[in-house]
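Report on the following structure.
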Amino acid sequence: MATTDPYRLTSGTESTDPTKTAVSRSDIVRTALWLVLVVSTVGNMVASYGAASTQVHLACGAVTALCVTALVTRRLRGRR
């Protein structure tokens with residue numbers, strides 16, 4: 001039975017399967033990787049403008065490179 005509530009955001013036929021509505025571990029990991037990538041990139045920019053030491057630049061660059069590698073690897077594995 002479909003609802004006729006004009007303020008309802010869904011059609012009333014949404015799935016009750018918890019695997020389709022729940023957030024997966026993969027989604028959490030991907031979001032965390034993107035968050036760390038953005039933070040490390042911004043940290044590297046701040047270090048550049050703040051004349052920080054070379055170690056700070058290397059640490060931020062290494063974290064950025066690891067996040068990009070992990071995201072690309074997960075993306076390529078997900079295609080299979």
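Observations on the structure shown:
- A crude spin-label estimate for the pair A51 and T31, with each label 7 Å from Cα along the Cβ direction, gives 4.1 nm.
- Available extension along the chain between V39 and V23 is 3.5 nm, counting 0.36 nm per residue and deducting the alpha carbon span.
- In this structure, the amide hydrogen of A52, modeled 1.01 Å from its nitrogen in the peptide plane, lies closer than 5 angstrom to no residue at least 5 positions away or on a different chain.
Read-outs: derived from the displayed coordinates by stated rules, not from any lab. Computed from a predicted structure; not experimentally measured. When we count neighbours, we look across all protein chains shown, and the Cβ atoms used for this are built from the backbone with ideal geometry, even at glycine.
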